[in-house]
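Working notes for the structure below.
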Amino acid sequence: MQARVVATSRGARWLAEGWQLFRAAPLGWLAAVFGYWLLMTVVSLVPFVGVAAAAVLVPAFSVGFMTLARAASRRAPLEIGLLFDGFRHELRTQLVLGAIYLACLALLLAASALADEGALANWILTGAQPEDEVLQSPDFLAALATAAALYLPVMLAFWFAPPLAAWHALGAAKALFFSLAASLMNWRAFLIYGAVIAATMLVVRFALAQAALAGAARIAPVIVLPLAIALLPILFASFYASYRDVFGYAAAP
């Protein structure tokens, strides 16, 4: 197993390949995403431990989506059981990764709370959106910038870690190290990848704003949910495209 440096333009190709993988079995993808969303929502509703448990399960489900994408690349049927593939391979390591991920999120939110007295953390944990004056305050913007800056290395460390643990039997520490190293080696491709996603989000937001100005604000929620359900599987599939690109086609058994 050896990571390679890919061309900068490959960052945009990851999303294009994600679309191709989604198009290979759209109904299977949509069923998996809806099932994942429903299951994580139910887990999050468990009193006291729900949100933490959902965070711990993220790496294992990441492997599941990687497995779905691998099946789509081979034109194999996308069975809902593939979503739980991460629970069948190196489960202990996946749970350790989940616990580390939870700890990172806790430290990140604690650091952001120092800037805005917990407004951002409360929004993320409870879903209660702060008032507009809080959202526009310098303290909240500072907390948002702090959280984003701290989450970037966490995201890169966990980008490849779950499949590296599941498919290559790496321990949690090694999987996180190799994921971070491979991501930093390909920072240019990741920069393009993030720029394309940001541009897409801006276009969608602009379109919704125009719809609101045209008097169609009531139908905006009707548009957003199906759009999110359609975009999420493309995003999940692009994770596999990046893994396959950086670690090679033969790396996924």
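The values are calculated or read from the model by the stated rules, or taken from the named source; none is laboratory data. This is a predicted model, so every value here is computed, not measured. Backbone-built Cβ (ideal geometry, glycine too); neighbour counts: all protein chains shown. Calculation scope for accessible area: heavy atoms of the full protein, side chains included, ligands and nucleic acids excluded. Shrake-Rupley method; radii C 1.70, N 1.55, O 1.52, S 1.80 Å.
Provide a single number: the residues in region 16-42 that are of a type outside the set (Phe, Trp, Tyr) and open to solvent by 30 Å² or more (accessible area, probe 1.4 Å). Lay out the reasoning, then the answer.
Step one: list which residues in region 16-42 are of a type outside the set (Phe, Trp, Tyr), which gives 16-18, 20-21, 23-28, 30-33, 35, 38-42.
From the residues that got through so far, the ones that are open to solvent by 30 Å² or more (accessible area, probe 1.4 Å) too are 16, 20, 23-24, 26-27, 30-31, 38-39, 41-42.
Qualifying residue count for the region: 12.
Only one of the numbered conditions (1) more than 14 Å from the chain's Cα centre (by Cα); (2) within 22 Å of Met155 (Cβ to Cβ); (3) of a type in the set (A, V, I, L, M); (4) surrounded by 17 or more Cβ atoms within 10 Å (Cβ to Cβ) is not met by Ala53, and that is (4). Could you give every pair whose Cβ atoms fall below 6 Å, whose first residue belongs to region 189-202 and is closer than 23 Å to Ala3 by Cα, and whose second residue is assigned to a helix (DSSP H, G or I) and open to solvent by 50 Å² or more (accessible area, probe 1.4 Å), counting only separations of at least 6 or pairs across chains? As it stands, the answer is Ala189/Arg10, since those pairs meet every condition given. His89 fulfils the conditions (1) open to solvent by 30 Å² or more (accessible area, probe 1.4 Å); (2) at pLDDT 90 or above; (3) over 19 Å from the mean Cα position of the chain (by Cα); (4) not acidic (Asp, Glu) except for a single criterion, (2).
Listed residues Ala76, Ala99; which is open to solvent by less than 60 Å² (accessible area, probe 1.4 Å) and without any contact (Cβ under 8 Å) to a residue 24 or more places away in the chain? Before the answer, list the steps.
On the way: Ala99 fails: without any contact (Cβ under 8 Å) to a residue 24 or more places away in the chain.
When all the criteria are applied, what remains is Ala76.
With the requirement that a residue be aromatic (Phe, Trp, Tyr) and without any contact (Cβ under 8 Å) to a residue 24 or more places away in the chain, what does region 114-148 give you? If you could, list the steps in order and put the result at the bottom.
Filtering region 114-148 for residues aromatic (Phe, Trp, Tyr) gives 123, 140.
Answer for region 114-148, where residues must be aromatic (Phe, Trp, Tyr) and without any contact (Cβ under 8 Å) to a residue 24 or more places away in the chain: just Trp123.
Within region 83-123, the set of residues being charged (D, E, K, R), farther than 27 Å from Trp29 by Cα and touching a Ser or Thr at 6+ places or on another chain (Cβ under 9 Å) comprises just one member, Asp116. Here Ala169 passes the criteria (1) buried (at least 19 other Cβ atoms within 10 Å of the Cβ); (2) of a type in the set (Gly, Ala, Ser); (3) within 26 Å of Leu68 (Cα to Cα) except the one numbered (1). Screening the candidates Leu45, Leu107 for the property of being open to solvent by 40 Å² or more (accessible area, probe 1.4 Å) and within 20 Å of the chain's Cα centre (by Cα) yields one hit, Leu107.
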